[in-house]
Each structure stands twice: as C-alpha cells, then as structure tokens.
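Single-structure report; data block below.
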Amino acid sequence: MVIAIDGPAGSGKSTIAKLLAEKKGFLYINSGKLYRAITAGCLKAGISPADSEKVQEFAKNADIDYQIIGGKDTVFLNGEDITDQLHTDEIDKHSSPLSAIVPVRHIVNDIIRKLAQGRDIVVEGRDMTTVVFPDTPYRFYLDASAESRAKRRFDQGTSKMSLEEVKNAILARDDIDKNKAEGSLKIAQGVHFLDTSDLTIIQVYDKLIERID
C-alpha cells in the first residue's frame with residue numbers, strides 16, 4: 001500500500017507523513033531528502049549544483065540509501081550517514097534548482113520506487129501523486145498560506161534567515177517547483193486537497209485517516 005502526499009514547502013507534509021507512517025507501521029520516505037543528499041554530495045565533491053551534466057553523473061554513480069533507524073529517517077550517501085547535513089541554508093538554496101534537472105528526477109524516482117517494492121510506505125514530495133505513484137488510490141495534496149508555511153519553517157530553528165527572508169525563500173522555491181520541465185508541483189485529478197493553514201497536526205491526521213479508511 002502506498003500513501004502519497006504532495007505539496008509546497010512548509011505545508012506540513014513531512015510531519016503528517018511521519019505520523020501516518022508511525023501509526024500504521026509503514027516505511028516513511030521523504031523524497032526531498034534524496035535530492036538534498038545529492039546536493040550535499042555535489043557540494044562536498046566541488047561540483048556546482050547548476051552543472052547538470054556533472055550532477056547527473058554524480059547522482060547516477062552515488063550509493064543512496066534511506067532507512068528508519070531508532071525511529072528517525074536516516075539518509076546514507078556512499079555509506080555515510082549525512083542526515084544531519086541536509087537542512088542548511090546552503091542546501092536549501094541549491095536543492096530545488098538541482099531537483100529540476102530532469103535526468104536527476106528520473107534517478108531519484110527510480111530509487112523511491114525500488115524502496116517501495118514489497119513494502120507499505122508513506123512517501124511525500126512534489127510529484128509523488130502525479131509522476132511516481134499516480135495509480136495509488138491514497139493521494140493527498142497539502143497546502144497552506146505562505147505566511148503559515150514561513151512561520152513553521154522559521155520555528156524549526158534550522159535557518160539563520162529572518163522570518164521575512166524565509167517567506168521570500170519559500171515563495172522563490174514555489175516558483176521553481178511549479179515551473180519544472182518535468183515533475184512540477186500541481187494538483188492532479190482525483191487527489192484529495194487539504195488546506196492546513198489553520199489546522200493542527202492531529203486535525204490533519206484525522207482528516208487523512210478518515211479518507212484512507
């Protein structure tokens with residue numbers, strides 16, 4: 001069984017997907033962390049995330065694994081746990097443009113489909129409901145106002161930017177995500193839409209579980 005959740009940055013996808021996976025005993029997969037892992041690896045190797053050919057070559061040869069260890073989703077790149085390196089302002093800046101590189105999207109989507117084989121999973125990202133798992137009946141699109149999303153990200157305390165700067169970065173990322181040549185962020189037909197701006201996580205969870213059941 002695959003539960004697929006899409007939506008823009010800060011809409012609550014990660015939190016609700018983790019909760020769903022935990023409650024149902026499913027594997028949780030955050031597709032964005034795979035792109036972040038590739039971004040981190042490229043930067044460490046001195047490869048510009050804007051150099052599509054070199055990024056594609058790196059992604060093709062990288063050994064990327066995603067596991068849940070001690071209840072924490074953990075990403076390995078070439079055998080190294082790089083989970084704690086994935087949420088920095090520099091990674092935030094480069095990961096979205098990198099994820100717009102079409103061949104890299106194909107590589108990451110293949111990784112996700114392989115991880116899902118023979119498993120029950122909850123997966124979240126930008127094109128999980130439209131490209132990666134368009135046939136699963138359990139598809140959701142979460143959204144929220146830019147103000148709500150910025151405050152959530154700001155309150156996480158992982159960025160050195162001001163609240164206004166976080167909001168502007170989110171809007172810039174939205175623009176990139178919605179205009180990708182492939183795998184753009186959009187609401188597909190038959191996907192259940194939910195605005196989470198004024199909802200608690202428990203309220204969102206209850207609405208999704210009601211729909212799933």
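Miscellaneous remarks
- Filtered residues of the range 118-150 (kept if charged (D, E, K, R) and crowded, with 16+ Cβ neighbours inside 10 Å): E124, R126, D127, R139, D143, R149
- Yes/no for G190 being within 25 Å of T129 (Cβ to Cβ) and either hydrophobic (A, V, I, L, M, F, W, C) or touching a strand residue (DSSP E or B) at 6+ places or on another chain (Cβ under 8 Å) (or both): yes
- Filter pass, D84 being exposed (fewer than 13 other Cβ atoms within 10 Å of the Cβ), under 16 Å from the mean Cα position of the chain (by Cα), over 21 Å from I16 (Cβ atoms) and not β-branched (V, I, T): yes
- Residues of the range 24-71 classified as closer than 27 Å to I5 by Cβ, modelled with pLDDT of 95 or more, among the β-branched types (V, I, T) and in contact with a Gly (Cβ under 9 Å, 6 or more places away or on another chain), total: 0
- Residue-level check: of (1) among the basic types (K, R); (2) more than 14 Å from the chain's Cα centre (by Cα); (3) crowded, with 18+ Cβ neighbours inside 10 Å, R173 misses just (2).
- Among the residues of the range 176-204, those identified as surrounded by fewer than 18 Cβ atoms within 10 Å (Cβ to Cβ), over 20 Å from S31 (Cα atoms) and not β-branched (V, I, T) are Q189, G190, D195, S197, D198, Q203.
- Among the residues of the range 8-26, just one is among the hydroxyl-bearing types (S, T, Y), buried (at least 19 other Cβ atoms within 10 Å of the Cβ) and not in a loop (DSSP other than H, G, I, E, B), namely S14.
- Set P103, P97: member being closer than 18 Å to E182 by Cβ, touching a residue at least 60 places away in the same chain (Cβ under 8 Å) and over 12 Å from the mean Cα position of the chain (by Cα): P97
- Taken together, the residues in the range 52-62 that are surrounded by 15 or more Cβ atoms within 10 Å (Cβ to Cβ) and assigned to a helix (DSSP H, G or I) amount to 6.
- Selection from the range 178-213 of residues that are part of a loop (DSSP other than H, G, I, E, B), of a type in the set (D, E, K, R) and either under 13 Å from A4 (Cβ atoms) or more than 18 Å from the chain's Cα centre (by Cα) (or both): D198, D213
- Candidates are the residues of the range 173-187 that are at pLDDT below 90 and of a type in the set (A, V, I, L, M, F, W, C); the one that is farthest from T129 (Cα to Cα) is I176.
- Within the range 1-15, the set of residues being closer than 24 Å to Q156 by Cα, at pLDDT below 95 and not small (G, A, S) comprises P8, K13, T15.
The values are calculated or read from the model by the stated rules, or taken from the named source; none is laboratory data. Source: prediction; values computed, not measured. Backbone-built Cβ (ideal geometry, glycine too); neighbour counts: all protein chains shown.
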